[in-house]
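These notes are about the structure you will find just below.
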Amino acid sequence: MNSANTSRRTFLRGTVAGAAGLATLPTWAKPIGSNGEVRVAVIGFKSRGSGHIGSLLKIPGVRLVALCDVDSEVMAKQVAALGKRETPIKVKQYKDFRECCADPDIDAVTIATPNHSHTLIALTAIANGKHVYVEKPVSHNMWEGRKLVDAAAIAEKKGLVVQHGMQRRSDLGWASAMEYVKSGQIGKTTLSRGINYKARKSIGKLDAPVPAKDVFAAGTFKGVDGKATQGELDYKLWSAPRPMLPVNRSQFHYDWHWQWAYGNGDIGNQGPHQLDVARWALGNPAVLPKRVMSFGGRWGYDDDGETANNQMAFYDYAEGAPLLFDNRGLPMKDMNWAKGAEPVYRINGKTSAPRIGNVIHCEGGFIAESKAYDNDGKAIHKFENFQDGPDHMLNFINSVRAGKLTKDVLHVSHGYHAAALAQMANISYRLGKQISNDEVKERLSNSKAAQETFDHFVENLVANKIDMKAEMAQVGPWLDFDPVAEKFTGEFAEEANKMTNGDYAAGFELPVIS
């Protein structure tokens, strides 16, 4: 039997996805071809998804045919904007992602909803024979991330594309920097560092009960711009696959990032971009690290946020150099939130590191974003075309037309690794306890770079008048990990492995792709 025409009933065998519109299941679509029209739906566009829309509309031969969002105000504004274009665009409007994914007039979906629903929607789209572009992090937990990678492998055999949304993988500048690292021109890599210094203010406190019904007035909450929202929001669909929980944030559409049920903190928000580049610099290890440890805290305010606002994570791979991620969410000093007042880390005590970016430390120098330096901080090479992957969405569309990924670096497995690195660190952090700075440095005794970074980490907290004796860091244990079985082992294995999964509300279990 031709795999391209295999019945989708076979593909959906054993699934629990009983979405509306699946009664009649069409056969798998053949490759669209280089000149074929690609019909796309964007799911979730309050924030990052609006960028998806902008990118898609610039690509010849792409037709935006549908939008899906649980917030009626978000939908109304985008539909109105599309209608006012020089050539007005009319789209189908969906609130339920399951109905959108089941639409036979859609070839591909892009997903930019909150973290907790990325994998659920991606798997639902795959189960409906759609090509999928899913934003970072591609998963909210390690278990579902692996499910997504496995499903992508099955989908590939059917001519479907599943791509991550980490734009740097399509960046020509970073590609040339990685070739430079690989060439050994500045010696062997000794440490791969990811940095995210982005000020994050308090989200405040809001003691709100679970909404009494699925749909409620969105005006109860604030939008990303701080203004009260209008219209209605389907909270049950927004929450999926999580059960409906109390809404403990006033800025509904963004501050979920700092609550464990939905987000992964900044290490899982901005972090996957830098964690991915850091892993890339290590040669794209095929398996996850053998050991991880993370510490941090939520300093400077008391609010309903749960994730760390300052956090460091360390990873040891079975082979090659270690990886370090350094996240700071407080300003440079005195809790002064003036724009551009984030701290600055100086490489070797000299050269300013990027506030959001990567540093690849080597024996004979280092690379900091678009430039290579010697150990004295003198620039010795500049990499051209550093543009943050402007053709990333185009690469997805080209792959859709080809019926296969045009570049290996686009594979969703890279997204899985970047997300899992953040999730591993968060597991260590959440299993931690408060200990003194001296004890932290003892745990980092095998790494001079880690100790130096920790000293700078503490300096930033002290500069913001944080009393480290009264508010000690929450320090997680070194967690051993079996990268083949993808299971934690050792002393804290039982607790850690429980945290690799999440809660799935009835009716929103992950589709089983087989």
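So, I195, is that one in a strand (DSSP E or B), under 20 Å from K382 (Cβ atoms) and in the same structural domain as G365 (by TED's automatic domain parsing) or not?
Yes.
One residue stands out in the range 126-152 among those that are closer than 27 Å to I267 by Cα and of a type in the set (A, V, I, L, M): the one that is surrounded by the most Cβ atoms within 10 Å (Cβ to Cβ), namely V138.
For the range 283-302, name all the residues that are surrounded by fewer than 22 Cβ atoms within 10 Å (Cβ to Cβ) and among the β-branched types (V, I, T). Matches in the range 283-302: V287 only.
When the range 182-198 is filtered for residues that are under 16 Å from K371 (Cβ atoms) and crowded, with 21+ Cβ neighbours inside 10 Å, the ones remaining, listed by number, are I186, R193, I195.
Condition check: among the hydrophobic types (A, V, I, L, M, F, W, C), surrounded by fewer than 18 Cβ atoms within 10 Å (Cβ to Cβ) and closer than 23 Å to N115 by Cα. Does I356 satisfy that? The answer is yes for I356.
Scanning the range 400-440 for residues that are of a type in the set (S, T, N, Q) and touching a Ser or Thr at 6+ places or on another chain (Cβ under 6 Å) yields T406, S428. From the list D391, D374, D334, the one residue that fits, being acidic (D, E) and not assigned by TED's automatic domain parsing to the domain that holds V181, is D391. Scanning the range 370-389 for residues that are out of contact with any Phe, Trp or Tyr (no Cβ under 8 Å at 6 or more places or on another chain) and either without any contact (Cβ under 8 Å) to a residue 24 or more places away in the chain or part of a helix (DSSP H, G or I) (or both) turns up K378, K382. For the range 391-417, the tally of residues that are in a helix (DSSP H, G or I), more than 14 Å from A152 (Cα to Cα) and without any contact (Cβ under 8 Å) to a residue 24 or more places away in the chain stands at 1. Counting only residues that are touching a strand residue (DSSP E or B) at 6+ places or on another chain (Cβ under 6 Å) and of a type outside the set (D, E), the range 96-112 holds 7 of them.
Let's see how each residue does on (1) at pLDDT below 95; (2) crowded, with 20+ Cβ neighbours inside 10 Å:
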residue	(1), (2)
G44	no, yes
R48	yes, no
C68	no, yes
D71	yes, yes
L82	no, no
R98	no, yes
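Taken as a whole, the structure leaves S117 outside the set of residues that are part of a loop (DSSP other than H, G, I, E, B), of a type in the set (G, A, S) and buried (at least 24 other Cβ atoms within 10 Å of the Cβ).
Only a single criterion out of (1) in a helix (DSSP H, G or I); (2) under 29 Å from the mean Cα position of the chain (by Cα) is not satisfied by E442, namely (2).
Conditions tested, residue by residue: (1) surrounded by fewer than 15 Cβ atoms within 10 Å (Cβ to Cβ); (2) farther than 18 Å from Y315 by Cβ; (3) outside the structural domain of G297 (by TED's automatic domain parsing); (4) not charged (D, E, K, R).
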site: D455; (1), (2), (3), (4): yes, yes, no, no
site: F481; (1), (2), (3), (4): no, no, no, yes
site: E491; (1), (2), (3), (4): yes, yes, no, no
site: P511; (1), (2), (3), (4): no, yes, yes, yes
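The values are calculated or read from the model by the stated rules, or taken from the named source; none is laboratory data. This structure is a prediction, so every number in the text was calculated from the model and none was measured. As a convention, Cβ positions derive from the backbone with ideal geometry for all residues, glycine included, and neighbour counts pool all protein chains shown.
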